[in-house]
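Chemist: Structure below; questions to follow.
The values are calculated or read from the model by the stated rules, or taken from the named source; none is laboratory data. All values reported here derive from a predicted model rather than from experimental measurement. When we count neighbours, we look across all protein chains shown, and the Cβ atoms used for this are built from the backbone with ideal geometry, even at glycine.
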């Protein structure tokens, strides 16, 4: 009955109870002991006692509730109660206990959510540290083996020395790539990437990227070009250098998983407020079970092939972060044996 009552209602009920008890006692004394106290005096005493008890109970509730609320707020907020709450005190016309109960329940729910988030973060961190250790271990182990072989006498064999030095240098390059990409990921996740947006033609940028990777594509015997209908470009608004890195990573990735005598094509599509840019290949493709994870850090669909081709395993993760910084999206469609298509959206200028 008192659960939803306000402090004033509780004080009134308590004072009426006390007043009723005093009135009953007075009447009992008057009847049993034939007291000479007048009915007027009994009425005044009862009203006075009721009013006094009302003020006492209300004051007690005010101080008691305030003290408890301050303790609760200190507990759930881990800080001192605010100056405003100190000044305002307790609203005696509101069911404040219910309000505090609701806030405590909301606080408990939020704490549970935070605990779950911390647990997921801890698991993610453990997995991330393990992935970094695994990725760094391979090139370091290789470099160590090559150098020890040279120190143990291989240095004097010119043919072996030159071969092992080249292999060691290749692994050093891979280490450098991993470290640089880790730095890029860290800057992107911490929000340190400052976008220098400008208006540019996305096809002109794609031409520059294709020219940049042309030598690598010829080595792999993979044809580069544009899809039919991509004769004209579109003006987009974005950070040009960041989008260049996105296209370089996507095209390089398509070459890495492409087939000899295959092709990688870039296409553009008008999507009203956005331009959809797609990088498609007819390479080995990605099994469906791997598609949800291709943008995870260090995730490799074909571990042996990707390590053989080099790279840090962070390229697609970087692409995703860059597009998220632009508030844009990336998606992938793929079928094993038929190839993969990565699509990104860009704001139309």
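Chemist: Mind listing just one residue for me: the one in region 202-217 that is in contact (Cβ under 8 Å) with a residue 24 or more places away in the chain and under 18 Å from residue 343 (Cα atoms) and, of those, surrounded by the fewest Cβ atoms within 10 Å (Cβ to Cβ)?
Modeler: So in region 202-217, the residues in contact (Cβ under 8 Å) with a residue 24 or more places away in the chain come out as 202-206, 208-210, 212-213, 216-217.
Filter once more, so that each one left must be under 18 Å from residue 343 (Cα atoms): 202-206, 209-210.
Numbers: 202: 24, 203: 19, 204: 11, 205: 20, 206: 23, 209: 22, 210: 18.
Going through the qualifying residues, I end up with 204.
Chemist: Might you let me know whether region 316-325 holds any residue that is in contact with a helix residue (DSSP H, G or I) (Cβ under 7 Å, 6 or more places away or on another chain), surrounded by fewer than 22 Cβ atoms within 10 Å (Cβ to Cβ), at pLDDT below 90 and farther than 24 Å from residue 220 by Cβ?
Modeler: yes
Chemist: Is it the case that region 261-271 has a residue that's assigned by TED's automatic domain parsing to the domain that holds residue 322 and part of a loop (DSSP other than H, G, I, E, B)?
Modeler: Filtering region 261-271 down to residues assigned by TED's automatic domain parsing to the domain that holds residue 322 leaves 261-271.
Imposing the further condition that a residue be part of a loop (DSSP other than H, G, I, E, B) reduces the set to 261-262.
Within region 261-271 (the criterion being assigned by TED's automatic domain parsing to the domain that holds residue 322 and part of a loop (DSSP other than H, G, I, E, B)), the answer is yes, since at least one residue qualifies.
Chemist: Is it fair to say residue 205 is at pLDDT 90 or above, in contact with a strand residue (DSSP E or B) (Cβ under 6 Å, 6 or more places away or on another chain) and in the same structural domain as residue 247 (by TED's automatic domain parsing)? Give the derivation first.
Modeler: Details: at pLDDT 90 or above: yes; in contact with a strand residue (DSSP E or B) (Cβ under 6 Å, 6 or more places away or on another chain): no; in the same structural domain as residue 247 (by TED's automatic domain parsing): yes.
When the stated conditions are applied, residue 205 does not pass them.
Chemist: I've got another one for you. Going through 72, 132, 85, 140 one at a time, which residue ends up being in the same structural domain as residue 58 (by TED's automatic domain parsing), surrounded by 12 or more Cβ atoms within 10 Å (Cβ to Cβ) and at pLDDT 65 or above? Reasoning before the result, please.
Modeler: Numbers: 132 fails: in the same structural domain as residue 58 (by TED's automatic domain parsing); 85 fails: at pLDDT 65 or above; 140 fails: in the same structural domain as residue 58 (by TED's automatic domain parsing).
Only one candidate passes the filter, namely 72.
Chemist: Evaluate the following for residue 184: is it in contact with a helix residue (DSSP H, G or I) (Cβ under 8 Å, 6 or more places away or on another chain), part of a loop (DSSP other than H, G, I, E, B) and touching a residue at least 24 places away in the same chain (Cβ under 8 Å)?
Modeler: Numbers: in contact with a helix residue (DSSP H, G or I) (Cβ under 8 Å, 6 or more places away or on another chain): yes; part of a loop (DSSP other than H, G, I, E, B): no; touching a residue at least 24 places away in the same chain (Cβ under 8 Å): yes.
In short, no.
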